[in-house]
């Protein structure tokens, strides 16, 4: 299918390249010819097209009257005088014969027919006419072409059909050939040789190179124009362009990547990984950061580049990384700066102790929280002095402050009263407060009573008792 398509395209190109025929008025007048419209003028005829001719008055046209243009050449018909002087004996031709008995005298309009000897080919019209005392042009007999195995062998070719016996080839005849092993036809269209006017025009078989998939893989290369190159074999002096496979780069010690086939040999270039060459690829990306300088696809060993963090992020580690024998040193990290969250502070009932200063902190900044009014530190809370670490803040916690108001009814029932020092201090106590009870006059401490020194716990008081 591929060969048929190629042949079709080649035929189309060949047709378009054929020359037209230019016919002049002078030439028509010289040959006593007229065009089909009985006029004589200069014109051009495309290859493959033809014209119908006629003769001027007093002349007879020798058929056929229609002639075709073939690559710039047209074989014009003859116009002869049928009433005129007689002719002598017809002229002979080399390597050919007159089919009839050659007479001494021929009348105007008479003709003789010629035939070539075996293997010779007639060139021109096979008839010559007596026209007003002169014979029209006689044909030639073209010699056959000699074909020998030696001729083919010296050109590195052989007959496609080995059993075909060919010693001589008539003009116009052809046979198929193929190149010997290790050789390749320069043109894919020249698979036939043809005898053209006693000589053979041979195609060219050149030494070929075979592209090695194995060597290409070992050298980490591929053809640059992979889509257009389908052949495994390439001709002598053909040039191919290689490129590195994905993930590889050109080896500085490699041969050129534009390679010419030289007497069956291809010198393959070489690619290697950046690490094998001691080079590094692009530096590793970092989260929340970017390169501070222009990015390249490869870096020589010893090359350093810098990073920078995005806004509101801070860097931990060296801002510079260096390529060392194909590997980068450890890149830095970019952490979010510590930004106090109003929502988290509200949830934990806290505020910044120095809230008027700032809300944005850097590692290893330390800052302090405090409980909001009406709240107290949770006993299980983390420390209220906090250090910023990689963008994280561990928030302490405060609980609502519970208060106690001594009950006059319970104190009367338990025959107790606040000591004068507690009484004068305040009548409402928080859970951090400690105060004292005493027995009223005439009562004594109950042996089973709770302590008379009490604290407010979760909004409740444990009252002592006197009897």
Practice task
Of the numbered conditions (1) over 30 Å from the mean Cα position of the chain (by Cα); (2) farther than 30 Å from residue 205 by Cβ, residue 284 fails exactly one; give the number of that condition.
Solution key: (1)
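Each row is one residue, and each column tells you yes or no for (1) surrounded by 16 or more Cβ atoms within 10 Å (Cβ to Cβ); (2) assigned by TED's automatic domain parsing to the domain that holds residue 246; (3) modelled with pLDDT under 95; (4) farther than 27 Å from residue 246 by Cβ.
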{"residue": "280", "(1), (2), (3), (4)": "yes, no, yes, no"}
{"residue": "294", "(1), (2), (3), (4)": "no, no, yes, no"}
{"residue": "297", "(1), (2), (3), (4)": "no, no, yes, no"}
{"residue": "300", "(1), (2), (3), (4)": "no, no, yes, no"}
{"residue": "309", "(1), (2), (3), (4)": "yes, no, yes, yes"}
{"residue": "313", "(1), (2), (3), (4)": "yes, no, yes, yes"}
{"residue": "318", "(1), (2), (3), (4)": "no, no, yes, yes"}
{"residue": "325", "(1), (2), (3), (4)": "no, no, yes, no"}
Problem - Verdict on residue 128 being out of contact with any strand residue (DSSP E or B) (no Cβ under 7 Å at 6 or more places or on another chain) and at pLDDT 90 or above - result: no
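Assigned by TED's automatic domain parsing to the domain that holds residue 64, surrounded by fewer than 17 Cβ atoms within 10 Å (Cβ to Cβ) and assigned to a loop (DSSP other than H, G, I, E, B): which single residue out of 181, 187, 118 fits that description?
Step by step, each of 181, 187, 118 is checked, and only 118 is assigned by TED's automatic domain parsing to the domain that holds residue 64, surrounded by fewer than 17 Cβ atoms within 10 Å (Cβ to Cβ) and assigned to a loop (DSSP other than H, G, I, E, B).
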Practice task
Return a yes/no flag: does segment 77-97 have any residue that is surrounded by 13 or more Cβ atoms within 10 Å (Cβ to Cβ) and closer than 30 Å to residue 17 by Cα.
Solution key: yes
Problem - segment 134-152, residues that are more than 30 Å from residue 176 (Cβ to Cβ) and either touching a strand residue (DSSP E or B) at 6+ places or on another chain (Cβ under 6 Å) or at pLDDT below 90 (or both) - result: 135, 136, 138
Completion exercise
Per the filter on segment 257-279, residues over 24 Å from the mean Cα position of the chain (by Cα) and either more than 30 Å from residue 184 (Cβ to Cβ) or part of a strand (DSSP E or B) (or both) are 262, 265, 275, 276, 277, 278, 279
Practice task
Inspect all residues belonging to segment 195-212 and state whether any of them is assigned to a strand (DSSP E or B), without any contact (Cβ under 8 Å) to a residue 24 or more places away in the chain and within 30 Å of residue 119 (Cα to Cα).
Solution key: yes
Problem - strands (runs of 3 or more DSSP E) wholly inside segment 335-428 that include at least 1 residues being at pLDDT below 80 and either surrounded by 12 or more Cβ atoms within 10 Å (Cβ to Cβ) or outside the structural domain of residue 312 (by TED's automatic domain parsing) (or both) - result: 366-371
Problem - residue 436 vs. criteria modelled with pLDDT of 80 or more, surrounded by fewer than 17 Cβ atoms within 10 Å (Cβ to Cβ), touching a helix residue (DSSP H, G or I) at 6+ places or on another chain (Cβ under 6 Å) and not in a loop (DSSP other than H, G, I, E, B) - result: yes
Practice task
Return a yes/no flag: does segment 173-190 have any residue that is more than 30 Å from residue 238 (Cβ to Cβ) and out of contact with any helix residue (DSSP H, G or I) (no Cβ under 8 Å at 6 or more places or on another chain).
Solution key: yes
Fill in the blank from the handout: Those residues of segment 51-76 that are surrounded by fewer than 13 Cβ atoms within 10 Å (Cβ to Cβ) and part of a loop (DSSP other than H, G, I, E, B) come to a total of 6
Exercise for the section: Could you tell me whether residue 108 is assigned by TED's automatic domain parsing to the domain that holds residue 28 and touching a residue at least 40 places away in the same chain (Cβ under 8 Å)? Expected result: no
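The values are calculated or read from the model by the stated rules, or taken from the named source; none is laboratory data. Remember, it's a predicted structure, so these values are computed and weren't measured experimentally. Glycine gets a Cβ as well: all are built from the backbone with ideal geometry, and neighbour counts include every protein chain shown.
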